[in-house]
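Quick notes on the structure that follows.
The values are calculated or read from the model by the stated rules, or taken from the named source; none is laboratory data. None of the values given here were measured: they were computed from a predicted structure. Positions of Cβ are backbone-derived with ideal geometry, glycine not excepted, and every protein chain shown enters the neighbour counts.
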Amino acid sequence: MEIRTAPTVNTLFPVFLKLEQLHLLVVGGGNVALEKLNALLANSPEARITVVAIDFLPELRSLTGDFPGITLIEKAFEACDLDDKDLVIAATNNRVINEVIKQEAAARRIMANVADTPDLCDFYLGSIVRKGNLKIAISTNGQSPTIAKRLKEVLNDAIPAEIDDTLTSLNRVRNRLNGSFSEKVRKLNELTKVLVDGERDKPESEKQWRRLAARLVLVFTLMVLGHIVISFLPLPSLAAVWGAVKPAFDQQFLFYCLTGVIAQTINGALGMGYGVTSAIGLMSLGVNPVVISASIHTSEVITSGASGYSHYKFGNVNKKLFRHLVVPGIVGAIMGVALLVFLGEKAGKSLLPIVAIYAMFLGYKILMRAFRPDAKTKKIRRIGWLAWSGGLLDSFGGGGWGPLVNSALIAKGRSPRYTIGSASLAEFFITLASAVAFLIVTGVGHWQVVLGLMIGGTVVSPFAAKLTGKLPAKTMMICVGVVVILWSVRLIMRSFWG
C-alpha cells in the first residue's frame, strides 16, 4: 500500500513591524550582517539598530554616516548585549556562537533570526516588493530564498510605480465616504472593480489605438509614394523603372538591411541606440552624412511602429506612462523640426555638449542603481516636460529620444522593461511627426538606404521586444547605462569635430 504524506503547509503568520519603535540587535560585522542591514534599512531607514562584532567591513562602517540610528560596538558578543532589546539577528559565520545567541535570546523571551539556519529562527526576513505605500512580503517558509528573490523581480516589473498614486486617491475617497462600515466597503468595491472588470473594455480602446496607428502609417506611406511618383513624372514604363532600380539591389543593399537588423535589435531591447548604431553602420559603408540623417528618420517610422507594436503585444507597455509621453513628445518633435529649418543644423551644436554631459550623468546613475538594487525609487514629476525635451532633441539634434527619456526614467527607479516598452510605443508617434515634417520640408532621397533599414529593422523587431521581457532587470540597466554613456561620448565628439 502506498502511503501518501500530507503536503507541507506554510503556517507562518505575516506581520509588518514598526522598527523605528523597537530596538534591534545584530551580531556580526561581515557580509551576512551587511546584507541583513541593507534589507532592514531599505525598508525602515529610521530603525534603531545596535551592531556588535569583533570587526566590521568598511561598507558596514559607512552605513553609520547615512543612518544615525545605527550604533556599532566593536567587541565579542556577551549575554548582556541583549538587555533592553526587542529583536535579535545572529549573523556571524560561527554556528556555535549563533546557537549561543539563540539560547540567550530564548531565555529572555526575545525573538531571534539566525542567518542561514531556519530551524533556529523565530522569524524570517522575506523578500520585499516596494511601490510607495504598497509593500508586499514574500516567504517560502525558509525553503528557497532564490525563489523569493525571483518572485520579487517579477512583481517589481509587473506592478507599476503609479500604484502609489492609486492608493493615495482611494485613501482620499475612503475618508470622504459616509455611511456604515459595510456601506463604505460596498462603495470601495464598486470603485476598484474597474481594476479587474475594466479588462473587458480594453479590446475596443486597443482597437482604436491600432486603427489610429495604422491610418497614420498609411497616410505617411502615401505621402512618400506620392512624393516619389511626382518626382518621376512623366511616368516611364515598368521595364524602364525596373531597369533603373535593379542595380540598387546589390551587395550594398544587403549591408543596409544588416545595419537595420543590428540597430533595431539594440533599440528594441534597450529602448535606444537606433540612430547611433545606424549612423555608425552607414558611415562605415560610405554613405553621405546628410543622407544618413534623412534616411534614419524616414525608416524609423516603420521600425519604431513595428517595435512599439511588438512591445505592446508582449505586455511591455505601461499605458498611463505612454499617455504622459506621447502628446508632449509629438509637440517637441514638431518644434524641433521647425527650429532646425529656421536656425540651421549648426545652431544645435552649442546644445549638444550640455545634453551629452547630462545624459552621461544619467548613464552613471543607471549603472549605480544596477549595482545597488535597494536604492530608493523617486517619484518622477514633469514627465510631460521630459517627453517634450526628448522629442525636441530627437528632431533638432538628429536623435536622442531613447537616451534622454529612458535613461531619466530608469535612473529614477522606473522598471526598465515597462519604461522601454512605453517609450518605444510613444517613439513611433514622435518619429512619425518628425518624418512627416521632414518630408514636407526636404522630401525623400536615397530610397534604397531607407528600404534596407526598414526591412532589417521590421524583421527583427518582435525578437528585440521579446528580449526586453526576458532580460533580467540588472542586465538591462547595465546595458542601458553603457549605451547612454557611449551615446554621450559620440554626441560630444560630434559637437566638436562634426
Picking from ALA105, ALA112, ALA137, which residue would you name as being outside the structural domain of LEU40 (by TED's automatic domain parsing) and either under 20 Å from LEU22 (Cα atoms) or crowded, with 18+ Cβ neighbours inside 10 Å (or both)? ALA137
Run down VAL317, VAL276, VAL261, VAL337 and say which single residue is crowded, with 16+ Cβ neighbours inside 10 Å, in a helix (DSSP H, G or I) and at pLDDT 80 or above. VAL261
Are any residues in region 44-66 in a loop (DSSP other than H, G, I, E, B) and crowded, with 16+ Cβ neighbours inside 10 Å, and if so, which ones? SER44, ALA47, PHE56
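To keep it simple, each residue is scored yes or no on (1) in contact with a Gly (Cβ under 6 Å, 6 or more places away or on another chain); (2) among the hydroxyl-bearing types (Ser, Thr, Tyr); (3) at positive phi; (4) touching a residue at least 24 places away in the same chain (Cβ under 8 Å).
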residue	(1), (2), (3), (4)
PHE16	no, no, no, yes
GLY29	no, no, no, yes
SER62	no, yes, no, no
ALA91	yes, no, no, yes
Selection count, region 62-84, where residues are at pLDDT 90 or above and closer than 15 Å to GLY28 by Cβ: 11
Can you name the residue in region 151-169 that is in contact with a helix residue (DSSP H, G or I) (Cβ under 7 Å, 6 or more places away or on another chain) and either loosely packed, with under 11 Cβ neighbours inside 10 Å or more than 20 Å from THR475 (Cβ to Cβ) (or both) and, of all such residues, is modelled with the lowest pLDDT? GLU162
Which of the residues belonging to region 99-149 are in contact (Cβ under 8 Å) with a residue 40 or more places away in the chain and either at positive phi or in a helix (DSSP H, G or I) (or both)? ILE101, ASP116, GLY132, ASN141
